[in-house]
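No lab work stands behind these numbers, since they all come straight from the coordinates. All figures in this text were calculated on a predicted structure; none of them were measured in a lab. Heads up, the Cβs are rebuilt from the backbone with ideal geometry, glycines too, and the neighbour counts pull from every protein chain shown.
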Amino acid sequence: MNKEIAALAEKIIAKYTKGAEQAAVQGIIPYTGSGAEWVSSPYDGNGWWTGGFWPGLMWQLYAASGSDLFRQEALRAEQLLTDEFRVFSALNHDVGFMYLLSSDLHNRLCPDKQAEQDTLHAATLLAGRFNPLGFLSAWNGGRPGWAIVDSMMNLSLLYRASELTGDPRFESIAKAHADTCIREFVRENGSCNHIVIFDPKTGEVLDRPGGQGYAPGSSWSRGQAWGLYGFVISYAHTGEKRYLDTAMKIARYFIAHIRPDGLTDCDFCQPVDEERIDNIAGAIAACGLLHLADLPESGSEAPFFREAAMRLISALDTLCADWDPDHMGILTKCTAAYHQDGAGRHINIVYGDYFFTEAVMYLAGTDPAPWFPAK
Ligand code: GLY
């Protein structure tokens with residue numbers, strides 16, 4: 001491992017040793033750091049879609065350091081998340097993010113039957129959101145035809161359930177959603193829509209609103225990153241070349257839009273005079289690009305993908321990381337959505353730190369690879 005990556009991994013572990021101790025004292029699932037304290041999610045308590053990233057971070061740090069502090073903290077958060085199984089109406093397609101990074105990472109790193117059961121419970125809830133016309137229904141609240149590109153990441157939970165049970169139905173659902181995503185979300189130039197609204201009875205496309213991006217037809221950068229990484233993961237699980245081709249197409253588009261300073265705008269079509277950065281998108285894309293670069297199939301493009309990933313990681317570290325040990329959270333300038341600031345604009349947000357850490361730990365050789373087939 002190169003010395004700079006080793007030093008960066010050590011800095012993350014040191015920063016989060018204090019962070020884990022503080023979260024245990026507060027007894028919450030952190031969403032954002034505010035000074036010396038953590039603050040929990042702005043909506044829906046522990047059922048908010050981001051709850052898995054805290055235990056995911058803890059498992060990443062446990063895998064990297066072996067420190068029991070991180071394992072204990074991951075288990076504390078997992079208990080709060082599995083309590084949410086009792087509130088059916090709060091759970092949506094994001095059970096992937098919530099339980100892959102909690103119960104499934106638990107089971108992968110410290111085999112545990114109950115954690116495996118909880119993972120399969122979550123996967124079955126996700127499979128239950130499948131509309132046989134070919135898509136996963138993302139959200140509740142009277143929107144059964146709304147599908148979103150973010151679900152590409154949650155498909156990992158379905159692939160994982162097929163791996164654990166030997167039942168191919170979960171994987172079939174994942175592939176059906178991925179194929180719909182290629183057909184209806186990914187544009188000719190490699191950019192993606194965030195949301196496609198289908199008629200849930202006929203499958204007809206009714207609308208493609210701008211979602212968390214700037215406007216209809218624009219390119220919300222985190223949506224591009226979910227698509228990029230999500231298709232890399234679908235390729236890893238299935239070996240289907242169309243998923244690799246799609247991942248590469250989105251990757252080229254993403255790379256062409258990285259800012260000159262190496263940071264990521266919130267939307268690649270936002271007005272030029274608008275200062276709106278989303279470092280979470282850069283961290284997610286870096287993970288996807290690193291995996292893409294390591295595939296032999298990337299051939300002569302591999303150095304291009306790797307260089308872009310390293311440029312993103314270096315910019316996050318040097319321009320937007322808060323290494324003050326008395327402040328909770330690392331990455332600054334994370335933005336939840338272009339137009340609504342309720343979940344945060346230009347603040348630290350836990351899933352930015354999660355993907356930044358995942359990218360660094362992947363380079364350091366300790367990433368437990370939660371999205372990928374078990375080795
Ligand atoms: N999956 C929701 C988001 O990226 O904000």
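Some observations on this one:
- Label zone at residue 10 (point 7 Å along Cα-to-Cβ), backbone N below 17 Å, region 313-328: 323-325
- Phi angles across region 207-214 convert, under the Karplus curve 6.51 cos²θ - 1.76 cosθ + 1.60 with θ = phi - 60°, into 3J(HN,Hα) values of 6, 9, x, x, x, 7, x, 6 Hz, Gly and Pro given as x.
- Dipole of the chain, positive end: most advanced residue of 27, 214, 248 [Cβ charges, Cα centre]: 248
- The ratio of the alpha-carbon radius of gyration of region 2-48 to the globular-protein estimate 2.2 N^0.38 Å is 1.42.
- Taken over region 116-231, the percentage of Cα pairs per 5 Å bin, counting from 0 up to the bin with the maximum distance, is 2, 13, 23, 23, 20, 12, 6, 2, 0.
- For residue 334, nonlocal amide neighbours, meaning residues 5 or more places apart or on other chains whose placed amide H falls under 5 Å from its own, are 279, 346, 347, 348, 349.
- Nonlocal amide H pairs with residue 40, under 5 Å, H built at 1.01 Å: 31
- According to the Cα-based calculation, Rg over Rh for region 112-171 is 1.00, with Rh computed by the Kirkwood formula.
- Close amide H pairs (under 5 Å, H built 1.01 Å from N) link residue 192 with 187, residues at least 5 positions away or on another chain.
- Evaluating 6.51 cos²θ - 1.76 cosθ + 1.60 at θ = phi - 60° for every residue in region 233-244, the Karplus couplings come out as 5, 4, 5, 4, 7, 10, x, 7, 5, 4, 6, 5 Hz, glycine and proline recorded as x.
- Size-normalised alpha-carbon gyration radius of region 23-95, reference 2.2 N^0.38 Å: 1.11
- Debye intensity ratio I(q)/I(0), log10, the chain, q values 0.11 Å⁻¹ (C-alpha model): -0.69
- Helical contribution to [θ] at 222 nm, DSSP H n ≥ 4, -39,500 (n - 2.57), averaged over the chain, rounded to 500: -16500 deg cm²/dmol
- The chain: relative contact order as a whole-number percent, Cα under 8 Å and 6+ apart: 19 percent
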